[in-house]
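Everything below concerns the one structure shown next.
The values are calculated or read from the model by the stated rules, or taken from the named source; none is laboratory data. Since this is a predicted model, take the numbers as computed values, not measurements. Please note: Cβ atoms are built from the backbone with ideal geometry, for glycine as well, and neighbour counts cover all protein chains shown. What goes into the accessible areas is simple: the full protein's heavy atoms, side chains included, and nothing from ligands, DNA or RNA. Shrake-Rupley method; radii C 1.70, N 1.55, O 1.52, S 1.80 Å.
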Amino acid sequence: MSTSDHGFSTRAIHAGQEPDARTGAVVPPIYQTSTFVQDGIGGFRDGYEYARSANPTRDSLQELLASLEGGTAAFSFASGLAAEDALLRSVLRPGSRVVMGNDVYGGTHRLVNRVWTPWGVTLETVEMTDLDAVRAAVRPGETDVLWVETPSNPLMKVSDVTALAEIGHAAGALVVVDNTFASPALQQPLALGADVVVHSTTKYIGGHSDVVGGAVVVRDDELAEKIGFVQFGAGAVSAPMEAWLTVRGIKTLAVRVERHSSNALAIARELEGHPAIERVFYPGLESHPGHELAARQMSAFGGMLSVSLTAGAAAARRFAESTEIFQLAESLGGVESLIGYPTEMTHASVRGTELEVPDTVVRLSVGIEDVADLLADVRQALDRAQA
């Protein structure tokens, strides 16, 4: 079935998902194998030799991801950070320079700052919503990668992908967008001018908190060849079961993010103006400085929001520890609602840096439960936080 001209939800269910040729099984099997029989030395069947180099289940996921993001090639990895590292291995050398937003996932900053800078890579962080500041930081001939995360983690800043792509390209930089928070169901950075999209597929793409994975999607054949070689040579590939689970999650991605978004907007509106809340960080609110931009480059506003508590750090901790339906845990993007305290959880690695998250901030990953139950849970937790 050719799906190239079909809508997003149709492609999410069918791209890379041809029924099994032998049995007609609607769901393709998991190829849980490490190697493949050869028809004579070098006689590979459909090119399959060894599961690190290629596996039909992983190929299915990669074809699907490329279709959803509008790329020419996609690569599935064992984690989001493995995906990012493989991309960086493909494009960085000693002396390379990376410009990154000052509000990104702490693990991404840690990867470049703690793993790549000792190898001679320079990292500079900048306020990515300030285009003049980005122009000043992305120096022509000196900057190799402009790394954008929008919406950002955890302060939900919205960056103008099209404008940033123009700035990056004018300086000769590769423009990378971490699309984890939005997912391709809500935002497609390649269509907005970016060169590369990265994902933690653990999050919205998988969607059920039962798989860890990452992805890189590109539209340039030369870059795809480089990343493919690193994937093969370094080997941080997703396993067949993880790839299959991710494909299964993607089938419901469009309908899930609709519910995530509507639930999150209801909670954001409930919390805005609440006496215990100093500020709500959610681009779906008209008061958010990036609201109009988000409305232009996203089809909805997603399921992530953060809040800053008026009474300070102690109240923020109590709030995070007082919810009942929202579960205190790392990660995000699953069907269940999660709550976290970034400064000591997801962003502990950037404390003391320019990326440090205020200790009054709590992050909520809003699930797809009944919104009335989620609202009641947030209210009772705020009451306990103020007690």
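Remarks
- Screening V177 against (1) part of a loop (DSSP other than H, G, I, E, B); (2) closer than 30 Å to R248 by Cβ leaves a single unmet condition, (1).
- On inspection, E324 fails the criterion of being in contact (Cβ under 8 Å) with a residue 24 or more places away in the chain, open to solvent by 20 Å² or more (accessible area, probe 1.4 Å) and outside any loop (DSSP other than H, G, I, E, B).
- Scan segment 240-260 for residues that are within 12 Å of G367 (Cα to Cα) and crowded, with 23+ Cβ neighbours inside 10 Å and the total you get is 3.
- Listed by position, the helices (runs of 4 or more DSSP H) enclosed by segment 46-131 that each have at least 2 residues that are open to solvent by less than 10 Å² (accessible area, probe 1.4 Å) and over 30 Å from A15 (Cα atoms) are 106-110.
- The lone criterion from (1) in a loop (DSSP other than H, G, I, E, B); (2) modelled with pLDDT of 95 or more; (3) buried (at least 17 other Cβ atoms within 10 Å of the Cβ) left unmet by I41 is number (3).
- Taking the conditions (1) in contact (Cβ under 8 Å) with a residue 60 or more places away in the chain; (2) assigned to a loop (DSSP other than H, G, I, E, B) in turn, I13 satisfies each one other than (2).
- Candidates are the residues of segment 284-319 that are in contact (Cβ under 8 Å) with a residue 60 or more places away in the chain and closer than 17 Å to R379 by Cα; the one that is farthest from the chain's Cα centre (by Cα) is A311.
- Residue that is free of Cβ contacts under 8 Å to residues at least 60 places away in the same chain, among the small types (G, A, S) and farther than 23 Å from S337 by Cβ, where the choices are A215, A191, A133: A133
- Evaluation of P154 against the conditions (1) free of Cβ contacts under 8 Å to residues at least 40 places away in the same chain; (2) open to solvent by less than 30 Å² (accessible area, probe 1.4 Å) shows that the sole unmet condition is (1).
- Subset of segment 261-277 that is assigned to a helix (DSSP H, G or I) and open to solvent by less than 30 Å² (accessible area, probe 1.4 Å) - its residue that is farthest from S209 (Cα to Cα): L271
- Which listed residue, of A224, A215, A236, is touching a strand residue (DSSP E or B) at 6+ places or on another chain (Cβ under 6 Å) and farther than 30 Å from V158 by Cβ: A236
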